[in-house]
Amino acid sequence: MQVFKYERGKEDTVLNKAWWKEAVVYQIYPRSFMDSNGDGIGDLNGITEKLEYLKELGIDVIWLSPVYQSPNDDNGYDISDYQAIMEEFGTMEDYDRMLARAHELGIKIMMDLVVNHTSDEHAWFVESRKSVDNPYRDFYIWRKGKDGKEPNNWGSCFSGSAWKYDPQTDMYFLHLFSKKQPDLNWDNPKVRDQVFEMMNWWCEKGIDGFRMDVISLISKPEGLPDGIPGETGYADSGCATGPHVHEYLKEMNRKVLSHYDLITVGEASGVTLEEAKKYANADGSELNMVFQFEHTGGGPEADNHYGKWDSHKMPLPVWKKILSRWQTGLEGKAWNSLFLSNHDQPRSVSWFGNDSEQYREISAKMLGTCLHMMQGTPYVYQGEELGMTNAYMENIADYQGEELGMCNAYFDQLEDYRDIESLNAYKELTETCGVSHEEMMGYLKRISRDNARTPMQWDDSANAGFTTGTPWIKVNSNYPKVNAKQEVSDPDSVFSYYKKLIRLRHENEIIVYGDYELLAPEDEALFIYTRMLGTQRLMVLCNFTEKEVSIPAEVTEQIPADAKLLIGNYSKQKEKVLQAYEARVYAYHL
Ligand code: TEU
Ligand code: CA
């Protein structure tokens with residue numbers, strides 16, 4: 001439904017329009033998307049097979065998690081050759097065919113750019129570790145030990161020290177992630193030149209953008225100073241937004257990005273609002289937008305123990321405040337990205353919604369509404385459009401049907417987990433921090449990255465139609481009820497609802513460009529906000545609880561009797577109250 005007149009992409013200097021502001025991005029985690037050859041691993045031909053499904057959903061851009069050659073210590077985020085395709089995923093010809101087919105369908109492809117680090121099997125590192133005078137030595141960050149110990153007290157994001165000793169030259173190299181992901185030395189101009197050259201090579205091939213992995217970490221603080229140690233004995237590296245990061249991104253922009261019409265998003269863990277205005281400045285000097293993680297528990301408001309390994313949730317007013325601060329803070333100055341899930345996060349319906357059989361669909365639709373009606377570019381993570389849930393389900397009994405053979409024997413044992421972060425954290429927290437096996441398994445069930453990495457649920461055949469072989473990671477046992485085949489043909493499914501959310505954004509300028517204002521900030525159950533563009537208004541109402549909640553009078557008063565219901569997740573609305581996990585969006589003119 002188009003309630004207000006709108007021509008997509010029409011030049012407008014006041015609104016500072018851009019196609020990537022009007023786009024919806026879909027993230028594919030290739031290993032778990034679709035296996036075309038029965039080896040249990042998703043691949044490029046599998047993606048090509050499913051492009052029509054994405055066309056049906058209506059998305060504009062695919063963000064492809066890494067498909068480059070990699071020994072897979074961190075599922076492709078450890079790259080050994082940036083200009084080759086991982087053998088398990090196919091060939092460069094397969095890639096070219098996928099890109100061409102996507103373009104035919106009007107879908108753009110955004111590549112994952114992982115250049116804070118490489119694999120230790122990358123040719124640069126193989127050279128670098130050989131000797132202190134190797135021409136590639138300064139491509140990485142090497143230091144002498146201090147008193148027979150690591151050069152400083154930084155911890156790796158994947159547990160343990162951020163330094164690994166290399167006997168070959170009796171020195172340590174820095175790795176903010178796994179030991180097989182040595183950090184590149186961005187202060188070396190040769191590193192920057194090589195990275196930019198590689199990026200230009202991909203752009204010439206015709207790709208449409210980059211998602212930049214941990215780009216906020218590339219510039220290390222002067223002198224690599226010790227930090228304040230936490231529970232594990234190690235300190236945060238303090239590398240987020242280092243001294244030269246903006247200088248390096250501006251250089252990247254001059255030498256690569258500005259020569260093409262791209263969509264760019266920087267993954268910026270630890271980024272503050274003030275810094276984001278530089279990364280994603282509307283002047284176009286760096287990137288289009290960043291991913292910030294305050295609302296997913298990566299900010300000071302989260303108040304977590306053991307870094308991410310803490311399952312207590314933020315109260316709704318705090319969460320609303322964070323998202324609203326980003327909405328209004330960047331308005332007119334930069335641009336937001338909108339996401340609730342990705343390959344590193346638990347499933348959004350399990351974390352922010354309710355994955356019981358009774359509320360799974362309704363709460364998934366509510367979360368989609370809440371996010372997609374905001375200002376920014378929305379990102380849908382594969383399976384989110386189906387309301388896919390965490391791997392282990394507390395509420396599995398609801399879904400149990402003997403005839404379907406569903407059971408909950410999955411992901412309650414460590415052996416079911418594959419993710420290096422989860423496995424390392426289990427070891428570190430149980431061995432050195434006194435966390436019990438049961439407590440740690442509880443964290444994994446709720447927070448492990450593997451929750452997002454179980455195979456895409458295509459249909460109700462064996463292994464959810466993902467593979468004819470043995471999947472590299474177990475399929476979620478609820479696939480007989482939660483799958484694409486069923487949802488695509490059901491007008492009331494989460495899929496059909498997402499399709500509508502995406503279409504509404506494409507048809508209504510106010511959803512893309514309207515100003516945002518939070519209402520009833522202290523309300524503990526409802527998330528209510530308006531969008532404003534000229535005399536146009538949207539009123540977005542979302543109930544985050546399973547209780548019926550009354551809508552504050554000052555809100556109902558603002559909605560005129562002739563307001564149109566743009567979208568809602570209940571077939572029947574009640575006056576003055578929102579039902580369990582209900583979402584409604586009204587459109588009207590002042
Ligand atoms: O993630 C960066 C990052 O900040 C993660 O450590 C994040 O904090 C963690 O995964 C949350 O649980 C990026 C990629 O998205 C991730 O998949 C990679 O493992 C990581 O970089 C290293 O490349
Ligand atoms: Ca395969």
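The values are calculated or read from the model by the stated rules, or taken from the named source; none is laboratory data. Predicted model only: the values in this text are computed from it and were never measured. Neighbour counts run over all protein chains shown; Cβ positions are idealised from the backbone, glycine included. Heavy atoms of the whole protein, side chains included, go into the accessibility calculation; ligands, DNA and RNA do not. Shrake-Rupley method; radii C 1.70, N 1.55, O 1.52, S 1.80 Å.
Taking the criterion of being in contact with an Asp or Glu (Cβ under 8 Å, 6 or more places away or on another chain) and either without any contact (Cβ under 8 Å) to a residue 24 or more places away in the chain or closer than 21 Å to Asp261 by Cα (or both), the residues of the range 209-226 that qualify are Phe210, Arg211, Met212, Asp213, Ile215. If you check Thr389 against the conditions, is it out of contact with any strand residue (DSSP E or B) (no Cβ under 8 Å at 6 or more places or on another chain) and of a type in the set (Ser, Thr, Tyr)? In short, yes. Among the residues of the range 534-553, those that are more than 21 Å from Tyr581 (Cα to Cα) and open to solvent by 30 Å² or more (accessible area, probe 1.4 Å) comprise Gly534, Thr535, Arg537.
Here Leu257 meets the list (1) touching a helix residue (DSSP H, G or I) at 6+ places or on another chain (Cβ under 7 Å); (2) more than 27 Å from Thr530 (Cβ to Cβ); (3) open to solvent by less than 20 Å² (accessible area, probe 1.4 Å) almost entirely, failing just condition (1).
For every residue, the table says whether it meets (1) β-branched (Val, Ile, Thr); (2) at pLDDT below 95; (3) assigned to a helix (DSSP H, G or I).
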{"site": "Ser219", "(1), (2), (3)": "no, no, no"}
{"site": "Glu222", "(1), (2), (3)": "no, no, no"}
{"site": "Glu231", "(1), (2), (3)": "no, yes, no"}
{"site": "Pro243", "(1), (2), (3)": "no, no, no"}
{"site": "Ser258", "(1), (2), (3)": "no, no, yes"}
{"site": "Ser269", "(1), (2), (3)": "no, yes, no"}
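For Pro66, the requirement of being within 16 Å of ligand 1 (Cβ to nearest atom) and either modelled with pLDDT under 95 or within 20 Å of the chain's Cα centre (by Cα) (or both) is met. Listed by first and then second residue, the pairs linking a residue in the range 404-432 that is at positive phi to a residue that is more than 16 Å from ligand 2 (Cβ to nearest atom) and modelled with pLDDT under 90, with Cβ atoms under 7 Å apart and 6 or more places separating them unless they lie on different chains, are Phe411/Tyr392. The residues in the range 127-159 that are of a type in the set (Val, Ile, Thr) and either more than 31 Å from the chain's Cα centre (by Cα) or at pLDDT below 95 (or both) can be counted, and the count is 1. Do we find that Ser269 is in contact (Cβ under 8 Å) with a residue 24 or more places away in the chain, open to solvent by 10 Å² or more (accessible area, probe 1.4 Å), out of contact with any strand residue (DSSP E or B) (no Cβ under 6 Å at 6 or more places or on another chain) and farther than 20 Å from Gln27 by Cβ in this structure? Taking the combined requirement at face value, the residue does not satisfy it. Where helices (runs of 4 or more DSSP H) sit wholly within the range 446-528, those with at least 2 residues that are free of Cβ contacts under 8 Å to residues at least 40 places away in the same chain and more than 30 Å from Ile420 (Cβ to Cβ) occupy 484-488. Among the residues of the range 28-81, count how many are within 16 Å of ligand 2 (Cβ to nearest atom), part of a helix (DSSP H, G or I) and among the basic types (Lys, Arg). Selection size over the range 28-81: 1.
A residue that is of a type in the set (Ser, Thr, Tyr) and within 11 Å of ligand 1 (Cβ to nearest atom) can be found somewhere in the range 111-120. In this structure, is Ser119 more than 16 Å from ligand 2 (Cβ to nearest atom), among the hydroxyl-bearing types (Ser, Thr, Tyr) and either open to solvent by less than 40 Å² (accessible area, probe 1.4 Å) or under 28 Å from the mean Cα position of the chain (by Cα) (or both)? Against the criterion (more than 16 Å from ligand 2 (Cβ to nearest atom), among the hydroxyl-bearing types (Ser, Thr, Tyr) and either open to solvent by less than 40 Å² (accessible area, probe 1.4 Å) or under 28 Å from the mean Cα position of the chain (by Cα) (or both)), Ser119 qualifies. Do we find a residue being away from ligand 2 (no atom under 16 Å from the Cβ), assigned to a loop (DSSP other than H, G, I, E, B) and farther than 16 Å from Pro30 by Cβ anywhere in the range 88-101? Taking every residue of the range 88-101 in turn, none turns out to be away from ligand 2 (no atom under 16 Å from the Cβ), assigned to a loop (DSSP other than H, G, I, E, B) and farther than 16 Å from Pro30 by Cβ. Are any of the residues in the range 218-233 touching a helix residue (DSSP H, G or I) at 6+ places or on another chain (Cβ under 8 Å) and open to solvent by less than 30 Å² (accessible area, probe 1.4 Å)? Yes, the range 218-233 contains at least one residue that is touching a helix residue (DSSP H, G or I) at 6+ places or on another chain (Cβ under 8 Å) and open to solvent by less than 30 Å² (accessible area, probe 1.4 Å).
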